[in-house]
Structure formats: C-alpha cells, structure tokens
Amino acid sequence: GLPPVTLDAVVDRLQAARALGAEAWGKQWAQRDRRGFEFALDQVVDAAQTWVRRMQSMAPAQRPAYLAPAREVPGACVPQGPDGRERLLLAWALEWAGSTAVAGLPGDPLFDLRPSALVVVTA
C-alpha cells in the first residue's frame, strides 16, 4: 500500500513521485513531459495534504462519511475527456489521504478524552 501522508511537503512529494512513477502511465508521462508530471505531483500532494488536514479536525468515526461523497463522484476514476487525467490524479490523492486517515492520525487519541474543565489564560 501507500505510505501515509506525513504533511511534510518534501517527504510527501517523494512518496507520491515514487508511487505514481511506479504506475506504467505515470512512468510514461514523466518521461514524455517531466515538467507537467512535476506540476501534477505538486497538485496531488497539495490535495492529499488538504484532505488530511481537514480530516484531522474530525472524529475518526466521521471520516468515512466525509470521504464517501467524494468517492461517488461520477466518472472520477475514468480518465476520459479533457480533464480525465486531473480527475484520475484527484481520485488518487483522495485515496491516499483516505488510507492515511483510516490507518489513524496522530491526534486521534485526543477524540477519546473528555475534559472535565476548561482553563483560559489571557495575557
């Protein structure tokens, strides 16, 4: 499977480049249009990190309901038409972020805590 989204731009870009470069279409694209592939990598990483950041604010049980509508977008994984590649990459970024969230995010244990008091400090 995919390594988790780390929210480190450099690490995530390297992971995405390795994963997409392992796909036959990704390898061909990188050889044919390196600048386009590099630009797309930045967009994929940005989208995946945005989804992970959004899911960090949700309780783990709410995440599947958040991801379900995006996964059901008609033709999201069908690379046809002028925006087919973009839809394919966006679906890939969504699955990468989703697999990261399902595996658990660092702040997940905080959702189980039930604080009994709130302390506000003003300076």
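Derived scalar couplings between HN and Hα for the stretch 56-64 equal 5, 8, 9, 5, x, 5, 8, 5, x Hz in order, rounded to whole Hz, by the Karplus curve 6.51 cos²θ - 1.76 cosθ + 1.60 (θ = phi - 60°), x for Gly and Pro.
The alpha-carbon atoms of the stretch 1-64 define a convex hull whose volume equals 89 cubic angstrom per residue. Which label marks the calculated value of Cα extents along the principal axes in Å, given the options [x] 59, 32, 29; [y] 51, 26, 25; [z] 42, 31, 26? Here Cα extents along the principal axes in Å agrees with entry [x]. Can you show me the helix-derived [θ] at 222 nm for the chain, built from DSSP H runs with n ≥ 4 at -39,500 (n - 2.57) apiece and divided by the number of residues, rounded to the nearest 500. Result for the chain: -20000 deg cm²/dmol, rounded to the nearest 500. Computed from Cα atoms, the angle from the helix 84-103 axis to the main principal axis of the chain rounds to 30 degrees.
Values in this text are rule-based calculations from the coordinates and carry no lab data. Because the structure is predicted, anything quoted here is derived from the model rather than measured.
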